[in-house]
């Protein structure tokens, strides 16, 4: 503190700092709830949309579109709203020769739990390893949509990483996206430890395909471009339209290779 600061100013500064500290503590205490309400918007329907329920250890963990003897097995990690069975719109982007498993996030649909980066990462790891075990000898690839690009990239750190990663309207760092929308808030404090896709992909050597939407108002396309620029093997595709229009774009073909 400046020793020449007027004594009256110092007298008022001390309680102001105390109040600021109290506000920060209260914000931190409510961060779990705030984070969930800001990032995750689950629904809890019982519909299946004609998909096959996907169960592990007698627990429902998602839904699947299955084909006999698939050429490739895909784990699909969806966006932040709705639930797994709502993602039927995305299935036309996959090959009919592949099987697609759509994971239900904890606290979504009929799956118990609460959604947060830690619980979703753990669920994604469980799902990924289950698919590896169930389909030996088959390529197991991962596709992530929007916030689902976070756990998708996190799986790149597995001892046996995905045979291919496809990321649609993704982000580079979630804190950076949040700052775009609320630069006046301490988003790092509110969100806490969350997904950093650039960091997660730093050692990934497999095929990587990224689709960004030119008019994306949710995750501005600069974040997808930055993520693509961080990896030399990334193939970047710029799509017309906004964040929720990607499934209508014929350019989006989620394939292996």
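Some notes on this structure:
- Cα gyration tensor category, rounded, prolate or oblate, for the range 198-257 with a/c compared to 1.5: oblate
- In terms of surrounding Cβ atoms within a 10 Å radius of their Cβ, 58, 98 rank from fewest to most as 58, 98.
- The distance between label points at residue 180 and residue 119 comes to 2.7 nm (points 7 Å beyond Cα on the Cα→Cβ vector).
- DSSP beta bridge pairing in the range 42-248, given as percent antiparallel to the nearest 5: 30
- In this label model, residue 89 and residue 46 are separated by 2.6 nm, measuring between points 7 Å along each Cα→Cβ vector.
- Additional length obtainable on full extension of the chain from residue 129 to residue 68, 0.36 nm per residue less Cα span: 19.9 nm
- For a modelled paramagnetic label at residue 247, 7 Å from Cα along Cα-to-Cβ, the residues of the range 91-108 in reach, with backbone nitrogen under 14 Å, are 91-94, 101-103.
- Estimated FRET transfer efficiency when R0 is 25 angstrom, pair residue 225-residue 157 (beta carbons, to 0.05): 0.65
- Summary of packing: across the peptides 228-241, 134-147, the per-residue average of other C-beta atoms within 10 Å ranks them, highest first, as 134-147, 228-241.
- Of the peptides 249-256, 73-80, 114-121, the ranking by mean beta-carbon count within 10 Å, highest at the top, reads 73-80, 114-121, 249-256.
Readers should treat all values here as calculations from the given coordinates under stated rules, not as data from a laboratory. This one's a predicted model, so the numbers in the text were calculated from it and none came from an experiment. Virtual Cβ from ideal backbone geometry, glycine too; neighbours counted across all protein chains shown.
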